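The structure under discussion appears below in the form of structure tokens.
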Amino acid sequence: MVNNKDSFFRGLFLIAAIYDLILGILFFFFYKPVYAYFNIALPTYPMYLQMAAAFVMAMGVGYYFIYRNLYRNIDLVKLGIVYKLVYSGLTSYFYFANLANITFFWFAIFDAIFLFLFVWFLVYAKKDGRYLKWG
């Protein structure tokens, strides 16, 4: 039986999936108009941007798998935590060092919120007893 918190967390991972899929698609296929809109200089080598965007899309697929089955895919939650921690941490560092546009800092803020919520899910899953192994 699914309880209200499970429904909340399933919705969270569906939102995370949609968010990362949309961002990944935008930055993979439409990075030129996106960069122009935010007045960001185009990268010298778009391949690096597109590889990162493809990774963001892949993470979106992973969040969709979590949405489909929270407990079977708990290791993907851990991977998502690492991803959100790395992105929000590095982007914040570069923003405060005046090396990144504020647009990317906003994404870092959203990812930090997701990070907090993903950790909350792991704590909940362990307390709930349906996921007993952290390894």
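What to note about this one:
- For region 87-114, the set of residues classified as buried (at least 20 other Cβ atoms within 10 Å of the Cβ) and over 20 Å from PHE38 (Cα atoms) consists of PHE114 only.
- Inter-residue pairs, beta-carbon under 8 Å, first exposed (fewer than 10 other Cβ atoms within 10 Å of the Cβ) and in region 29-49, second outside any loop (DSSP other than H, G, I, E, B), 6+ apart: ALA41/TYR35
- Just one of (1) without any contact (Cβ under 8 Å) to a residue 24 or more places away in the chain; (2) among the hydrophobic types (A, V, I, L, M, F, W, C); (3) more than 18 Å from PHE116 (Cα to Cα) fails for PHE55. It is (1).
- Within region 42-63, being of a type in the set (S, T, N, Q) and either at pLDDT 95 or above or at positive phi (or both) holds for one residue alone: GLN50.
- Every residue from region 77-87 that is closer than 14 Å to LEU117 by Cα and either at pLDDT below 95 or not aromatic (Phe, Trp, Tyr) (or both): VAL77, LYS78, LEU79, GLY80, ILE81, VAL82, LYS84, LEU85
- Search result, residues across region 59-86 that are touching a residue at least 24 places away in the same chain (Cβ under 8 Å), within 12 Å of the chain's Cα centre (by Cα) and surrounded by fewer than 16 Cβ atoms within 10 Å (Cβ to Cβ): VAL61, LYS78, LEU85
The values are calculated or read from the model by the stated rules, or taken from the named source; none is laboratory data. All values derive from a computational prediction rather than experimental measurement. Please note: Cβ atoms are built from the backbone with ideal geometry, for glycine as well, and neighbour counts cover all protein chains shown.
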